[in-house]
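The values are calculated or read from the model by the stated rules, or taken from the named source; none is laboratory data. For clarity, every value in this text was computed on a predicted model and none was experimentally measured. A quick note on method: Cβ atoms are made from the backbone with ideal geometry, for glycine too, and the neighbour counts reach across all protein chains shown. The area values use the complete protein model at the heavy-atom level, side chains included, leaving out ligands, DNA and RNA. Shrake-Rupley method; radii C 1.70, N 1.55, O 1.52, S 1.80 Å.
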Amino acid sequence: MAEVRRHLPHPPETVFTALTTPETYPFWLVGCQAIRGVDPGWPAVGTAFHHRVGVIGAVTVADSTKVLELEAPHRLVLEVRARPLGRGRVSFDLAPDGETATTLVLDEVPIGGLGPLRPVIDPVTDRRNQRSLTRLCEYLDADRVLHEY
């Protein structure tokens, strides 16, 4: 199962701000190389941001990520695309953990043609998502999200 859970010493609103600010993704999301653009109205349901994803070494592909659900500051669900590698449904669920911390659950499920390969994909996805949440915590600890965007 590609669900990872992380305690973050930041309130849900701060974590949610990072998750809904596409320009932060290259700093913490493993594989995201650059943001190419953001649809007007982001992060409304149906809007997308456009990015470059690293495939192998310096090789990148251009694709997009679309908002499927939004319940600020507790839930964000995205359809992520990194073609030709595939598509996925990623949910971020945030719950307060005391007064100044958050429990973040990230769940990623392959969709489309990759769905049947989930047992093979999940261990790799789990490792990547664990590393991404570690990097998100480091990013937030540096307090960059509040000052750069």
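D by Stokes-Einstein for the stretch 28-102, Kirkwood Rh over Cα pairs, 10 °C, 1.306 mPa s: 118 µm²/s. Remark: the chain carries 50 Å² of accessible area per residue (probe radius 1.4 Å; ligands, DNA and RNA excluded). Derived from the Cα gyration tensor, the three semi-axes of the equivalent ellipsoid of the stretch 42-149 are 24, 17, 16 Å, largest first. Full extension of the chain segment joining Asp93 with Ala58 gains 9.4 nm, where the gain is 0.36 nm per residue of separation less the Cα-Cα distance. Working note: Karplus 6.51/-1.76/1.60 with θ = phi - 60° gives the stretch 129-135 the couplings 5, 4, 5, 4, 5, 5, 5 Hz, where Gly and Pro are set to x.
Working note: 222 nm ellipticity from helices only, DSSP H runs with n ≥ 4, each -39,500 (n - 2.57), summed and divided by the residues of the chain, gives -8000 deg cm²/dmol to the nearest 500. Full extension of the segment from Thr134 to Ala101, taken as 0.36 nm per residue of separation minus the current Cα-Cα distance, would add 10.4 nm. A Cβ-based charge dipole, computed about the Cα centre of the chain with Lys and Arg at +1 and Asp and Glu at -1, lands at about 700 debye.
The charge dipole of the stretch 1-64, taken about its Cα centre with unit charges on the Cβ of Lys, Arg, Asp and Glu (plus for the first two, minus for the last two), comes to roughly 160 debye. Measuring between their Cα centroids, the stretch 41-57 and the stretch 1-33 lie 14 Å from each other.
Placing unit charges on the Cβ atoms of the charged side chains and taking the dipole of the stretch 2-121 about its Cα centre, the candidate lying farthest along the positive direction among Thr65, Thr102, Ala44 is Thr65.
Extension gain, Glu79 to Asp39, is 12.9 nm, computed as 0.36 nm per intervening residue step minus the present C-alpha separation.
Summary of the geometry: the stretch 126-140 and the stretch 71-88, compared by the centres of their Cα atoms, lie 16 Å apart.
Taking the charge dipole of the chain about its Cα centre, with +1 at Lys and Arg Cβ atoms and -1 at Asp and Glu Cβ atoms, the residue from Pro12, Pro22, Gly112 reaching farthest to the positive side is Gly112.
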